[in-house]
1. For the range 245-257, which positions are open to solvent by less than 20 Å² (accessible area, probe 1.4 Å) and either within 22 Å of the chain's Cα centre (by Cα) or under 14 Å from A356 (Cβ atoms) (or both)?
2. I need the full set of residues from the range 587-614 which are of a type in the set (S, T, N, Q) and in contact with a strand residue (DSSP E or B) (Cβ under 7 Å, 6 or more places away or on another chain), in order please.
3. Conditions: (1) of a type outside the set (S, T, Y); (2) over 21 Å from A320 (Cα atoms); (3) outside any helix (DSSP H, G or I); (4) away from the ligand (no atom under 16 Å from the Cβ). L220 meets all but one. Number of the miss?
4. Scan the helices (runs of 4 or more DSSP H) fully inside the range 460-536 and keep the ones with 3 or more residues being away from the ligand (no atom under 16 Å from the Cβ) and touching a Leu at 6+ places or on another chain (Cβ under 7 Å).
5. Has the range 424-443 got at least one residue that is in a helix (DSSP H, G or I) and within 16 Å of the ligand (Cβ to nearest atom)?
6. Using the structure shown, decide if D226 is touching a residue at least 40 places away in the same chain (Cβ under 8 Å), more than 13 Å from the ligand (Cβ to nearest atom) and open to solvent by 30 Å² or more (accessible area, probe 1.4 Å).
7. Does the range 258-279 include one or more residues that are away from the ligand (no atom under 13 Å from the Cβ), small (G, A, S) and either in contact with a Gly (Cβ under 6 Å, 6 or more places away or on another chain) or open to solvent by 70 Å² or more (accessible area, probe 1.4 Å) (or both)?
8. Select the strands (runs of 3 or more DSSP E) contained entirely in the range 119-216, then report the ones holding at least 3 residues which are within 23 Å of S83 (Cα to Cα) and outside the structural domain of C346 (by TED's automatic domain parsing).
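The values are calculated or read from the model by the stated rules, or taken from the named source; none is laboratory data. Being a predicted model, the structure only gives us computed values, none of them experimental. Using ideal geometry, Cβ is built from the backbone for each residue, glycine included, and neighbour counts are taken over all protein chains shown. What goes into the accessible areas is simple: the full protein's heavy atoms, side chains included, and nothing from ligands, DNA or RNA. Shrake-Rupley method; radii C 1.70, N 1.55, O 1.52, S 1.80 Å.
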Amino acid sequence: MFGWTGRLLRVDLGSGTIRVEETPRGLLRRFLGGRGLNSYLLFSEVKAGADPLGEENKLFFGTSPLTGTGLMSSGRIHVTAKSPLTGILGDSNAGGHFGPELKWAGYDGLILEGSAGAPVYLWVDDDRVELRDASRIWGKTVSETFEGIWSELGDPRVRIAAIGPAGENLVRYASLMTDYGNACGKTGMGTVLGAKRVKAIAVRGTRGFCAADPQGFKALARDLLDRLLKTPAYRVFSRFGTLSYLSLYNRQGRSLARNAQQTGEIPYIDRYEPSRLMEHVTRNVACFGCPIHCKHEFRIRRGPFAGEKGHGTEFCILSAHGPACGNEDETAVLKINNICNEYGICGDTSGIVLAAAFEWYQRGIVTLRDTDGLALEWGNTEAQIELLMRIIRREGFGDLLAEGSARAARAIGKGAERYVSHAKGGDVDQVDIRTLKGCALADAVSSRGADPQRGWPSAEFYPMKAEEARRLFGNEKAADPNGYEGKAALVNYYASLCTLCDVLGLCKFSSAWFNNPIGVPEMAALVTALTGMETTEEALWETAARVHNLERAYLVREGIRRADDRVHGRMMEEAVSTGPHKGARIDPQKFEQMLDEYYDLMGWDRSTGIPKRSTLERMDLREVAEELSSLGILAEDEETSRAF
Ligand code: SF4
């Protein structure tokens, strides 16, 4: 077998049974790997209604055909389980070196099932796999865990994915950290590991795998690298990474602050200018084999936290713990970044949860009595850090916020829900999607709740010529951020690109999603050279559509319907109050029309959002159709899908 290893590692944590299974070739042909294979295993092995924190939930780690090859940006790992935050499909994709190491150890995937009686960590040394006692590292931070495992195994080359105290305490948005500063965040994959009492997975891999046409693959990889280095964006992104986004969105008038009460251009955003942030950066760092090296190590230069060192800070955590919480001090956010990485809590979600809490306090929905004496005033760094720590420890008001913004708002009542913008329990990121109608649709239909990485249409952020929009999306107005026309095809195009990155094991920043050279034709050529399986561009688009339908079937089986495909809260209910987009809003009627168009394109029933039998059968998902049919929830219809 070329490109894949042909093996899955399955660990039953309850009995301690460890076995290696053959990866079914039919599944690799249909889903390729990573997110596709994980989502299929989730659908087929975790029954409907399973408790995300119960033994019946499973955690799937997927490598991919391109993972760990010499191709740039191929150091990804995809992790999937039923999400404790949203109760639907949960997954996350991270960089670093863990994914390649697991693949070199000889595995297309790792499945953790059941739960351990006492804390353990999994040690994978090629074919030698064992569960080891983790009582000495339980309760430790992420870096202490890494140090403890390296010292016990006597090998600092071992790659580790670990949880921190937030995962152990079952905070519903705990991260799984791979290497320093790379987080599987958002949907609580660290929480699932904590519920299984697994502190970490340590891997050393030396087996490797083969390419069908190594010379051809190398030539393609070299050509793509040459093309990447010549792009104008490379110079900027390889220096700043996503640190430049806050000021970019601010220039576009799409920034948000104080839980989206302040819109347009945020006056103190100069505190987050990339040149100012770079004053703290000591060096750029890269995931496995990546010439973009968009990540950073830093040392805080000034303020009360001066001298503290850290890894990796990104737009999402800067915006969520910075302007969203009314915090004007970038050094405080760098400190908070370190807390999130060390205690293993999603920096993005935790910031948005705190921002909602600050607004509840501002409006008197919660008072000092509810917050255990913490004055949640905008920009109060001390209160922000203290409440974050109480979330991690699940203490008092922090225990409620550890449930996530949507659940906490429901529990509080008194209109608190109005101040939480989410889709299916996933918090909306800190960019004003009222000015980006395709992004709003993408958030509404995303299979893991609101999430830019599921395929926000980048064409809405950068001007695109009308002819190009017509060629790609069949409508010259599709890329107009304020329009509603042609959005279904636009959203499906970018969602498919992102899905292909997730199934193939590529960083999205090196792909056409980001205007970089790896587009679908290049992906097809790479897969063909690597696996020897003749792969066309059309076949890859079809794979993306298959994954979208499979994930939709999973959501539908969990009870998701058309009424759930929307963004809740301020982003849907209020107009932009200030700035260049003042008055912009999402028109509810036009939103429904976009949704109709999207369902038609995907081959889903308009009234329910359930995939039609004809769609699933055409996607080679017959067993999925049978499962939905046996539960009486399949849209029986003979229409043919037009999704690709
Ligand atoms: S572009 Fe950045 S996140 Fe992506 S693989 Fe490279 S270093 Fe990692």
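1. If we filter the range 245-257 for residues that are open to solvent by less than 20 Å² (accessible area, probe 1.4 Å), which is where we start, we get 246-247, 250, 253-257.
The answer is L246, R254, S255, L256, A257.
2. Taking the range 587-614 as the starting set, the residues that turn out to be of a type in the set (S, T, N, Q) are 589, 593, 607-608, 614.
Passing the criteria: only T608.
3. Among (1) of a type outside the set (S, T, Y); (2) over 21 Å from A320 (Cα atoms); (3) outside any helix (DSSP H, G or I); (4) away from the ligand (no atom under 16 Å from the Cβ), L220 violates only (3).
4. 487-504, 520-531
5. No, the conditions are met nowhere in the range 424-443.
6. Numbers: touching a residue at least 40 places away in the same chain (Cβ under 8 Å): no; more than 13 Å from the ligand (Cβ to nearest atom): yes; open to solvent by 30 Å² or more (accessible area, probe 1.4 Å): yes.
No.
7. Kept after step one, since they are away from the ligand (no atom under 13 Å from the Cβ), are these residues of the range 258-279: 258-279.
Now drop any that are not small (G, A, S), which leaves 260, 264, 275.
Retained after the next criterion (residues that are either in contact with a Gly (Cβ under 6 Å, 6 or more places away or on another chain) or open to solvent by 70 Å² or more (accessible area, probe 1.4 Å) (or both)): 264, 275.
Scanning the range 258-279, I find at least one residue that is away from the ligand (no atom under 13 Å from the Cβ), small (G, A, S) and either in contact with a Gly (Cβ under 6 Å, 6 or more places away or on another chain) or open to solvent by 70 Å² or more (accessible area, probe 1.4 Å) (or both), so the answer is yes.
8. Working: elements: 120-125, 128-133, 159-162, 176-178, 182-184, 198-204.
Passing ranges, in order: 120-125, 159-162, 176-178, 182-184, 198-204.
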